[in-house]
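This report refers to the structure that appears directly beneath it.
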Amino acid sequence: MTEVKVPDLGTGVEGATVSMWHYTPGDTVKQDDNLVELVTDKATFEVPSPVSGKVIETAIPEGSVVRAGDLLAIIDERPQ
Amino acid sequence: MRGLEQRPAWLKKSIINSPAIGTTMAVLKEYGLNTVCQSARCPNIFDCFSRKTATFLILGNTCTRNCSFCAVKKGRPANADVDEPQHIVEAVSVLGLSHVVITSVTRDDLPDGGAGQFVKTIEALKNKKGDAVEIEVLVPDFKGDREALEAVVGASPDIFSHNIETVPRLYRAIRPQADYNRSLEALRFAKEIKPDLCTKSGVMAGFGETKSEVVSVMAGLKAAGCDIFTIGQYLRPSTEQIAVERFVTPDEFLGFKKIGLEMGFEKIESGPFVRSSYREAKT
């Protein structure tokens, strides 16, 4: 299992908003495919999946604010 | 949702999964160094940190000016850290950087505007053991102080950069304590002192400037001997800074590049995510 977390940028940005999930639990995702879109005051970021596997959990609903270190998703990279 | 509706599709960055990002952050923290990447909340931070590059912000993290676009903390700065030049050398060595960008907050409180710290940092990097590094300095205007400018130019950085930031009409709104002609003169004077010095300047687009105003600034910079010109989209760091008036399209940025090359600039970096020091080491 791989946990995908909001990266710590050390930028002082207080939070980012989860604007769009590209996958839902049960979907299969490939490594480096965009998993979720985050919006900060300054820019829009795509968070790619660090591994290939099955999306087990998308932990934050769209519209919620996340902070560095928050869990975004859990990916099961074991062969299905 | 914040910023989502009005932000065009071309202004999207990918977060890079790279262990080098953590390494860069850890090294910066260990040596107590500030970067403009972090202070300005730069959206290119993942690209740069994953390639182990950073633009060092010397002379503290508190600025004496009040530019409306900038996220760097404003107020009364602390005394300059005498060990900072050596800490930068150590971080540069650990990170294995080949091109180093040194910039600073504006220090109008210091008699030399901080020029001495730039000189010490350049000298320390030149005396560094191991592989030589290319040194780019991105300096404040030093209130037009010729001695300060002479000192920095005299330390022989590889690139001398000073950002003009915007068109003269918008200075009062964007850079209230700066002066367009003083900034232009700083670049012209640097070239006059050292004609073979590579000089560079940049503009942020999206404050409401017109194309002809930008072209006029480019012509002014060329006349001041500027070799490299950069232009990128202004992005508001937070709701505390001035709002974006317009998103300039990628085609318009291509147009600026074409015009600049026709003017005879040695190099033009023009695009939505171009920042004055972004990916400099690769080019």
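The values are calculated or read from the model by the stated rules, or taken from the named source; none is laboratory data. Nothing here was measured: the structure is a model prediction, and the numbers come from that model. When we count neighbours, we look across all protein chains shown, and the Cβ atoms used for this are built from the backbone with ideal geometry, even at glycine. With ligands, DNA and RNA removed, areas are computed over all heavy atoms of the protein, side chains included. Shrake-Rupley method; radii C 1.70, N 1.55, O 1.52, S 1.80 Å.
In whole angstrom, note down how far apart the Cα centers of region B:1-77 and region B:137-153 are.
Here the two parts' Cα centres lie 24 Å apart.
At a Cα cut-off below 27 Å, give the lysines reachable from residue B:74, other chains included and same-chain residues fewer than 8 away excluded.
A:42, B:29, B:120, B:143, B:200
Round to the nearest 0.05 the FRET efficiency obtained for residue B:23 and residue B:98 when R0 = 22 Å and r is the Cβ-Cβ distance.
The calculated FRET efficiency here is 0.85.
Any idea how far apart residue B:30 and residue B:79 come out in nm if each label point goes 7 Å out from Cα toward Cβ?
Those two pseudo-labels are separated by 2.8 nm.
Calculate I(q)/I(0) for region B:9-270 by the Debye formula, one identical point scatterer on each C-alpha and no solvent, and give its log10 at q = 0.09, 0.17 Å⁻¹ to two decimals.
Log10 of I(q)/I(0), two decimals: -0.39, -1.55.
Could you give the length gained on full extension between residue B:192 and residue B:240, defined as 0.36 nm per residue of separation minus the Cα-Cα distance, in nm?
13.4 nm
For residue B:147 and residue A:1, FRET efficiency with R0 = 51 Å and r from the beta-carbon atoms, rounded to 0.05?
Computed FRET efficiency for residue A:1 and residue B:147 comes out at 0.25.
Under a point spin-label approximation (7 Å from Cα along Cα-to-Cβ), what is the residue B:112-residue A:62 distance to one decimal in nm?
Rounded to a tenth, the inter-label distance reads 5.7 nm.
When the helices in chain B are scored as -39500 (n - 2.57) per DSSP H run of 4 or longer and the sum is shared across all residues, what 222 nm value do you end up with, to the nearest 500 deg cm²/dmol?
Counting only the DSSP helices, I get -10500 deg cm²/dmol.
Hey, got the average number of other protein chain Cβ atoms within 10 angstrom for residues in A:15-25?
Partner-chain Cβ atoms within 10 Å, mean over residues of A:15-25: 1.
Taking a temperature of 37 °C and a viscosity of 0.692 mPa s, what whole-number D in µm²/s does Stokes-Einstein yield for chain A with Rh from Kirkwood over alpha carbon pairs?
261 µm²/s
When N is the residue count of region B:69-221, what does its C-alpha Rg come to as a fraction of 2.2 N^0.38 Å?
Its radius of gyration relative to the 2.2 N^0.38 Å reference: 1.08.
On average, how many beta carbons from a partner chain sit within 10 Å of the beta carbon of a residue in A:36-49?
Partner-chain Cβ atoms within 10 Å, mean over residues of A:36-49: 6.
Could you grab the relative contact order for region B:147-258? Cα pairs under 8 Å, six or more apart, rounded to a whole percent.
Relative CO of region B:147-258 lands at 27 percent.
Under a Cβ-Cβ cut-off of 12 Å, what is the net charge of the residues other than residue B:117 that fall near it, where Lys and Arg count +1 and Asp and Glu count -1?
-3
Per the 1.4 Å probe, what fraction of the accessible area of region B:9-270, in percent, lies on carbon and sulfur atoms?
Percent of accessible area from carbon and sulfur atoms in region B:9-270: 50.
Given a 1.4 Å probe and no ligands, DNA or RNA in the count, how much accessible surface is buried by A and B, both sides, to the nearest 100 Å²?
Its buried surface, counting both partners, is about 2300 Å².
Per residue, how many Å² of accessible area does chain B show with a 1.4 Å probe?
That works out to 43 Å² per residue.
At residue B:263 and residue A:33, where each label point lies 7 Å from the Cα along Cα→Cβ, what is the point-to-point distance in nanometres?
Those two pseudo-labels are separated by 4.6 nm.
Do any trypsin sites (Lys or Arg not before Pro) in region B:201-253 lie in a DSSP loop with no more than 15 other beta carbon atoms within 10 Å, and if so, which?
For trypsin sites (Lys or Arg not before Pro) across region B:201-253 that sit outside H, G, I, E and B with at most 15 neighbouring Cβ atoms in 10 Å, the list reads B:246.
Count charges around residue B:210 for me, please; just the other residues with Cβ under 13 Å from its Cβ, Lys/Arg as +1, Asp/Glu as -1.
Around residue B:210, the charge tally is -1.
Enumerate by residue number the trypsin sites (Lys or Arg not before Pro) in region A:1-68 meeting two conditions: DSSP loop (anything except H, G, I, E, B), and at most 15 other Cβ atoms within 10 Å of the site's Cβ.
The qualifying sites are A:30, A:67.
Give me the Å³ per residue figure for the convex hull around the C-alpha atoms of the protein assembly as shown.
Cα convex hull per residue, to the nearest whole number: 135 Å³.
Net charge near residue B:193, counting Lys/Arg +1 and Asp/Glu -1 over other residues with Cβ under 13 Å of its Cβ?
Charge balance near residue B:193 sits at -1.
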